[in-house]
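Right, one structure below, let's go through it.
Nothing in this text is a laboratory measurement; each read-out follows from the coordinates by a stated rule. In this text, all values refer to a predicted model and were calculated from it rather than measured experimentally. Cβ: placed from backbone, ideal geometry, glycine included. Neighbour counts: every protein chain shown.
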């Protein structure tokens, strides 16, 4: 069954004077995705999101939302979209409920019931009457997500929602994103430069670097494509190297780096490698399987600039 594409960009580009912030970016987000939009700081993620939300005009290319061209059918295209760009901003001297009421009034008004519903969804149901100045940074981020949910959108666009949060706050936002997708049946477009965050929540992703698309697809498939290896550490190094050379059938290859060995191999064969090392008299201090999005991300962004 062909997935339903609800967001599509066609060669989307934005130029500031003589610099391309985004260039020829073509993305597809399917209904039900948690779509990770990944790239280092300055890669063009926020510029792309501003174009998707019609906050700035593209220099070239176009955006389609729910089958509508954003330029010619702006209202229809954005009617089922909610989002926050970078840091959400509120009146600190007003309560959470009053802030959401004012924001809702900009789009024709929102019922008090809906405000309370979205506060409950983001875990702030007991703090609706409190002034925003009493909120932690993590609570303000969740209030920003509540703002994006006011119109009950099908597509929720979140720009760096875990930025500046401590580990607990990051975990809470991550759980909220999963809740939005699984329980609220939202499609989530999630921008981040935090590689592990995307790996933990997204099913599909795109990586951009210097404004251009590097890769796009299923997270699992891209991770598998990025390859697997095991970091081996221990003493003596000479015996480790001898074991690795002897077990060429077990291994795809290895490289020595900074006192450890990166061994390309199937993760299922790690116990066999460990046994071989121990039998050879190696004191094994680490056998760490690696197949992280971080390794994949670094490899393709480093290689992108190479000829």
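Can you show me the helix-derived [θ] at 222 nm for the chain, built from DSSP H runs with n ≥ 4 at -39,500 (n - 2.57) apiece and divided by the number of residues, rounded to the nearest 500.
Helix contribution divided over all residues of the chain: -10500 deg cm²/dmol.
In what sequence do 258, 295, 266, 33 fall when counting other Cβ within 10 Å, fewest first?
Listed from fewest to most nearby Cβ atoms, that is 258, 266, 295, 33.
In percent, what relative contact order does the chain have, based on Cα pairs under 8 Å that are 6 or more apart in sequence?
19
Among 19-25, 42-48, 269-275, 155-161, how do they line up by average Cβ neighbours within 10 Å per residue, starting with the highest?
Descending mean neighbour count gives 155-161, 42-48, 19-25, 269-275.
Hey, fewest Cβ within 10 Å first, where do 297, 261 land in order?
Arranged by neighbour count, lowest to highest, 297, 261 become 261, 297.
Based on alpha-carbon centroids, what's the gap between the stretch 190-211 and the stretch 1-76 in Å, whole number please?
15
Fewest first, what order do 93, 68 take by the number of other Cβ atoms within 10 Å?
Lowest to highest Cβ neighbour count: 93, 68.
Within the stretch 5-224, what percent of beta bridges assigned by DSSP are antiparallel, to the nearest 5?
Antiparallel: roughly 55 percent of the beta bridges in the stretch 5-224.
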